[in-house]
Amino acid sequence: MAFDYEKYIRPGKLPHIWCPGCGHGIIMKGLIRAIDSLGLEKNNTAIVSGIGCASRLPGYLDFCTLHTAHGRAAAFATGVKMAKPEMNVIVVGGDGDGTAIGGNHFIHACRRNIDMTYIIMNNNIYGMTGGQFSPCTPTGAKASTTPYGNPDPAFDVAKLAIGAGATFVARGTAYHATQIDKLIAEAVQHKGFSVVEILDDCPTTYGRRNKFKSVIEMMNRLKDIAVPVKAAEKMTPEQLQGKILTGVLYKEEKPEYTTEYAKVIERAKGGK
Amino acid sequence: MAKKVAFLQGNEAGAQGALYAGCKFFAGYPITPSTEVAEVMSAELPKVGGKFIQMEDEIGAMAAVIGGSLAGSKSLTATSGPGLSLKQELIGYACIAEAPVVIFNVMRGGPSTGMPTGPSQSDVMSAKWGTHGDHPAICLVPASVQEIFEETVRAFNLAEKYRTPVMIMPDEIVAHMRERIVFPEPGELEVINRTAPSVPADQYKPYDTKFGDVPPLAAFGSGYRFHVTGLNKAEDGFPTTKAALVQAEEERQVRKVDANIDDIVTFEEYMLDDAEVAIVAFGSTSRSARYAVNEARKAGIKAGLFRIRTFWPFPDKQIKALASKVKAIITPEMNLGMCTIEVRRCAEGKAPVHGIFRVDGEPINPGQILDKIKEVK
Ligand SMILES: Cc1ncc(C[n+]2csc(CCOP(=O)(O)OP(=O)(O)O)c2C)c(N)n1
Ligand code: SF4
Ligand SMILES: [Mg+2]
């Protein structure tokens, strides 16, 4: 039987706002399958986002959903999790939202290792506002504000997350659709701050300016550059040139923030 | 049993007031002269099972308290001028999402870093105009340590009752002074909690006007699923651009406060019955004003004090009535005329309004006010 997405979609909220060929919908479906596979209870699951095309995702899903302000999702989510540590908290958002305006909240949520999953939908561009470059736009690429090519270097989101202290970091792509649910499911199950970066496409504002003739071409690029971590072990640096590692990139068990705070409460109550 | 009495600092009293009101979550970022609020909350909240978090900045702190509030905890943040500026965007978010939160802002010299340890009263306009867009504003301006305690409780009550952010803004002098405080017994002061929904979960709408201008608010994780956004929203919480819906929602948000001014606005009248010269003052400046009024009376001048306790909504009606009764109004304040503008607006030319402004980090002393009384009487 075909997978029943309807169970998790809010009645009357589709069609979504995303353009034809946008990868955000693929990621949403992956998230739904992940949630389904884990059997997360709707009433006990909060999905929090910032602002951007990617951040429109929570509105479509039948959970406790919080569409916040640009870049602030991780900080709002931190408040939700502190108040209700028993809730599953999942943050979704774009590359601009999470690593530019929200970069500070992102790295500090990583550092605290607060138990939530941050899904970053990285299409290398500010899609919603019409294609200005983001901190994840490759050097040299064209954006509406880099008409002569982007002079900025780009973030490696996964390295940023690992460096900042996230204890689970994975990467997938919108092309490798079935891998998305597995990565998200593992991330949600991980106790601590988990980051899942999904390489994504924005045909409308990025593809068009950067000589991609079609969505298929953008998707094929994702297919071509992705190398699973296991496969990469057997490859030479030359072979890995221009490639991007996918799969679980980093995993570590470390004290989780709300659990540590529960100990603070115990100490305070015990007068210590 | 005798009531508990203590010698407390204003900021400490604010934290104690928050705890009395049932605050269970604090998120903040350290800034002089408000930091003691965070320090007390970090020590006291976990004792009652509450949570404290020091965020990466004031924006994050404001975001966290809104998140905490939507998840059902009464939430507080504390800051001062530069931090207030950073919080402004999300204060607007709390307004439009109708999330009850309390912002305790201690007024220091500004703009920018200004005078971190110097007193000021120059954030009162920020309280109303600091975030963009039309929105309700409630701002309380206590004048003593006891009042900081009680008004912090009231700030929570108003936030919960009207589902909106509420600011309490002691100036640095009131926040850092130490005074005797008598702790109210539990139950002595009213403590208001938000109205929870009475409808079954599948019928719940977070902005359902069937229940009036302040619709019941469910908590995340309580069995109710709903959507919250900073976009203009319809009653069901989902974004809308339908003109009629947006207009109605915007008007309702502001009306929540505007239609309840008499419930929200508080003030104190001192020796105003036969007064010819009225001082309109708030916060620590009102203490100097009271002293000046007493001195003026000793000198045979009929002076009185109108002490503003709720700065927003502004006591329009009362100031208007006052202006038609007295010969002159004096407005001493530690800024360059913010309250004066409002008093002039309300006085509608019926009485001249003379400002006394100080922004040098020094309090306005009674002598300065007394001189002005003698000058304008
Ligand atoms: C404070 C603030 N600054 C700027 C904006 C404008 N803005 C809206 S979405 C966006 C970029 C979103 O890009 P990204 O997060 O990558 O999401 P995408 O649209 O690409 O999915 C910007 C700059 C805003 N809404 N708020
Ligand atoms: S503009 Fe880009 S990111 Fe936004 S919906 Fe369209 S394709 Fe997706
Ligand atoms: Mg993007």
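The values are calculated or read from the model by the stated rules, or taken from the named source; none is laboratory data. If you're wondering where the values come from, they're calculated on a predicted model, not measured in any experiment. Here the Cβ positions follow ideal geometry from the backbone for every residue, glycine too, while neighbour counts run over all protein chains shown. Heavy atoms of the whole protein, side chains included, go into the accessibility calculation; ligands, DNA and RNA do not. Shrake-Rupley method; radii C 1.70, N 1.55, O 1.52, S 1.80 Å.
What number of residues within segment B:15-44 are farther than 24 Å from residue A:106 by Cα and within 22 Å of the chain's Cα centre (by Cα)?
First, the residues of segment B:15-44 that are farther than 24 Å from residue A:106 by Cα: B:15-24, B:32-37, B:39-41, B:43-44.
Those left that are additionally within 22 Å of the chain's Cα centre (by Cα): B:15-24, B:32-37, B:39-41.
Residues in segment B:15-44 being farther than 24 Å from residue A:106 by Cα and within 22 Å of the chain's Cα centre (by Cα): 19 in total.
When you check residue B:174 against the structure, is it buried (at least 20 other Cβ atoms within 10 Å of the Cβ), touching a Leu at 6+ places or on another chain (Cβ under 7 Å) and within 16 Å of residue B:15 (Cβ to Cβ), yes or no?
Details: buried (at least 20 other Cβ atoms within 10 Å of the Cβ): yes; touching a Leu at 6+ places or on another chain (Cβ under 7 Å): no; within 16 Å of residue B:15 (Cβ to Cβ): yes.
Answer is no for this residue.
For residue B:176, all conditions in the list (1) within 14 Å of another protein chain (Cβ to nearest Cβ); (2) touching a Pro at 6+ places or on another chain (Cβ under 8 Å) hold save one; what is the number of the exception?
(1)
Can you tell me which residue within segment B:234-253, out of those that are out of contact with any Lys or Arg (no Cβ under 9 Å at 6 or more places or on another chain) and among the small types (Gly, Ala, Ser), is nearest to residue B:70 (Cα to Cα)?
Ranking the candidates gives B:248 first.
Could you grab me the full set of residues in segment A:100-122 that are open to solvent by 10 Å² or more (accessible area, probe 1.4 Å) and within 16 Å of ligand 2 (Cβ to nearest atom)?
Within segment A:100-122, A:100 is the sole residue that qualifies.
Quick one: residue B:316 ticks every box in (1) within 25 Å of residue B:123 (Cβ to Cβ); (2) touching a Gly at 6+ places or on another chain (Cβ under 8 Å) except a single one, so which number is it?
(2)
Tell me, which residue of segment B:34-57 that is more than 27 Å from residue A:44 (Cα to Cα) and crowded, with 24+ Cβ neighbours inside 10 Å is farthest from the other protein chains (Cβ to nearest Cβ)?
Only one residue tops the list, namely B:34.
Would you please name the residue that is farthest from residue A:121 (Cα to Cα), looking only at residues in segment A:210-269 that are more than 23 Å from the chain's Cα centre (by Cα) and aromatic (Phe, Trp, Tyr)?
It comes out as A:261.
Name the residue that is farthest from the other protein chains (Cβ to nearest Cβ), counting only residues in segment A:97-122 that are within 11 Å of ligand 3 (Cβ to nearest atom) and in contact with a helix residue (DSSP H, G or I) (Cβ under 9 Å, 6 or more places away or on another chain).
Our first condition is that a residue be within 11 Å of ligand 3 (Cβ to nearest atom); within segment A:97-122, this holds for A:97-100, A:120-122.
Narrowing the set further to residues that are in contact with a helix residue (DSSP H, G or I) (Cβ under 9 Å, 6 or more places away or on another chain) leaves A:97-99, A:120-122.
Numbers: A:97: 13, A:98: 14, A:99: 15, A:120: 18, A:121: 18, A:122: 22 Å.
Filtering segment A:97-122 for residues that are within 11 Å of ligand 3 (Cβ to nearest atom) and in contact with a helix residue (DSSP H, G or I) (Cβ under 9 Å, 6 or more places away or on another chain), the one farthest from the other protein chains (Cβ to nearest Cβ) comes out as A:122.
Criterion first (open to solvent by 10 Å² or more (accessible area, probe 1.4 Å) and either away from ligand 1 (no atom under 11 Å from the Cβ) or farther than 17 Å from residue A:46 by Cα (or both)) does residue A:77 satisfy it? Please lay out each step first, then the result.
Values: open to solvent by 10 Å² or more (accessible area, probe 1.4 Å): no; either away from ligand 1 (no atom under 11 Å from the Cβ) or farther than 17 Å from residue A:46 by Cα (or both): yes.
For residue A:77, the condition - open to solvent by 10 Å² or more (accessible area, probe 1.4 Å) and either away from ligand 1 (no atom under 11 Å from the Cβ) or farther than 17 Å from residue A:46 by Cα (or both) - is not met.
If a residue has to be away from chain B (no Cβ under 14 Å) and either within 16 Å of residue A:122 (Cα to Cα) or open to solvent by less than 20 Å² (accessible area, probe 1.4 Å) (or both) to count, how many in segment A:30-74 make the cut?
Within segment A:30-74, the subset away from chain B (no Cβ under 14 Å) is A:30-34, A:36-39, A:54.
Filter once more, keeping what is either within 16 Å of residue A:122 (Cα to Cα) or open to solvent by less than 20 Å² (accessible area, probe 1.4 Å) (or both): A:30-32, A:34, A:54.
Qualifying residue count, segment A:30-74: 5.
Go through segment A:127-153 and report how many residues are more than 12 Å from ligand 3 (Cβ to nearest atom) and in a loop (DSSP other than H, G, I, E, B). Write out each step before concluding.
If we filter segment A:127-153 for residues that are more than 12 Å from ligand 3 (Cβ to nearest atom), which is where we start, we get A:138-142, A:144-153.
Filter once more, keeping what is in a loop (DSSP other than H, G, I, E, B): A:138-142, A:144-145, A:147-153.
Final tally of qualifying residues: 14.
Quick one: which residue in B:14, B:60 is open to solvent by less than 10 Å² (accessible area, probe 1.4 Å) and more than 8 Å from chain A (Cβ to nearest Cβ)? If you could, list the steps in order and put the result at the bottom.
Values: B:60 fails: more than 8 Å from chain A (Cβ to nearest Cβ).
None of the others qualify; the one that does is B:14.
What do you reckon, is residue A:68 among the hydroxyl-bearing types (Ser, Thr, Tyr), more than 16 Å from ligand 1 (Cβ to nearest atom) and touching a helix residue (DSSP H, G or I) at 6+ places or on another chain (Cβ under 8 Å)? Even if it seems obvious, please write down each step before you answer.
Values: among the hydroxyl-bearing types (Ser, Thr, Tyr): yes; more than 16 Å from ligand 1 (Cβ to nearest atom): no; touching a helix residue (DSSP H, G or I) at 6+ places or on another chain (Cβ under 8 Å): yes.
Considered against the rule, which asks whether it is among the hydroxyl-bearing types (Ser, Thr, Tyr), more than 16 Å from ligand 1 (Cβ to nearest atom) and touching a helix residue (DSSP H, G or I) at 6+ places or on another chain (Cβ under 8 Å), residue A:68 comes out as no.
Give the residues of segment A:123-148 that are in contact with a strand residue (DSSP E or B) (Cβ under 9 Å, 6 or more places away or on another chain), more than 10 Å from ligand 1 (Cβ to nearest atom) and either within 14 Å of another protein chain (Cβ to nearest Cβ) or open to solvent by less than 30 Å² (accessible area, probe 1.4 Å) (or both), sorted by residue number.
A:143, A:146 - these are the residues of segment A:123-148 that are in contact with a strand residue (DSSP E or B) (Cβ under 9 Å, 6 or more places away or on another chain), more than 10 Å from ligand 1 (Cβ to nearest atom) and either within 14 Å of another protein chain (Cβ to nearest Cβ) or open to solvent by less than 30 Å² (accessible area, probe 1.4 Å) (or both).
Of the conditions (1) farther than 17 Å from residue B:164 by Cα; (2) more than 12 Å from chain A (Cβ to nearest Cβ); (3) touching a helix residue (DSSP H, G or I) at 6+ places or on another chain (Cβ under 9 Å), residue B:210 satisfies every one except a single condition; which number is it?
Here residue B:210 clears every test but (3).
Identify the single condition in (1) open to solvent by 20 Å² or more (accessible area, probe 1.4 Å); (2) assigned to a loop (DSSP other than H, G, I, E, B); (3) away from chain A (no Cβ under 14 Å) that residue B:7 does not satisfy, given that it satisfies every other one.
Of (1) open to solvent by 20 Å² or more (accessible area, probe 1.4 Å); (2) assigned to a loop (DSSP other than H, G, I, E, B); (3) away from chain A (no Cβ under 14 Å), only one is false for residue B:7: (2).
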